[in-house]
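As structure tokens, the structure follows; a few thoughts come after it.
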Amino acid sequence: MKMRPAQGWPSERDDFPGLGQRAGFKEKQLSKRILMSEYYPVQHGLFGYGELYLYYGEDGRLLDFYRYQIN
């Protein structure tokens, strides 16, 4: 889980899943302020793998998500 910094989301990748950078991109895309973002690795069967990104607004509700599957 990552909270929005006071100066806004970073424009460059700041950690492994790029959580802050992705949240900043999604914030511009939606034209809504994203307060918090989360990342979850997801297992699909024996060899499948995926990533789940969740974006929450100021009221704590889910604004959008992004799911990436690697099979």
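The values are calculated or read from the model by the stated rules, or taken from the named source; none is laboratory data. All values derive from a computational prediction rather than experimental measurement. Every residue, glycine as well, gets a Cβ built from its backbone with ideal geometry; the counts of neighbours run over all protein chains shown.
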- Query: Out of region 12-55, which residues are of a type in the set (Lys, Arg) and touching a helix residue (DSSP H, G or I) at 6+ places or on another chain (Cβ under 6 Å)?
  - Reply: ARG13
- When the residues of region 9-23 are filtered to those that are under 13 Å from the mean Cα position of the chain (by Cα) and exposed (fewer than 12 other Cβ atoms within 10 Å of the Cβ), which remaining residue is nearest to ARG67 (Cα to Cα)? PHE16
- Message: Can you tell me which residue is nearest to PRO10 (Cα to Cα) among those in region 24-51 that are surrounded by 14 or more Cβ atoms within 10 Å (Cβ to Cβ) and of a type in the set (A, V, I, L, M, F, W, C)?
- Response: PHE25
- Only unsatisfied item for GLU58, checking (1) in contact with a helix residue (DSSP H, G or I) (Cβ under 7 Å, 6 or more places away or on another chain); (2) in contact (Cβ under 8 Å) with a residue 24 or more places away in the chain, is (1)
- If a residue has to be modelled with pLDDT under 95, in a strand (DSSP E or B) and among the hydrophobic types (A, V, I, L, M, F, W, C) to count, how many in region 21-51 make the cut? 1
- Message: Checking ALA6 against (1) surrounded by fewer than 11 Cβ atoms within 10 Å (Cβ to Cβ); (2) under 14 Å from the mean Cα position of the chain (by Cα), only one condition comes out false. Which one?
- Response: (2)
- Message: Regarding region 10-20, can at least one residue be identified that is in contact (Cβ under 8 Å) with a residue 24 or more places away in the chain and among the small types (Gly, Ala, Ser)?
- Response: no
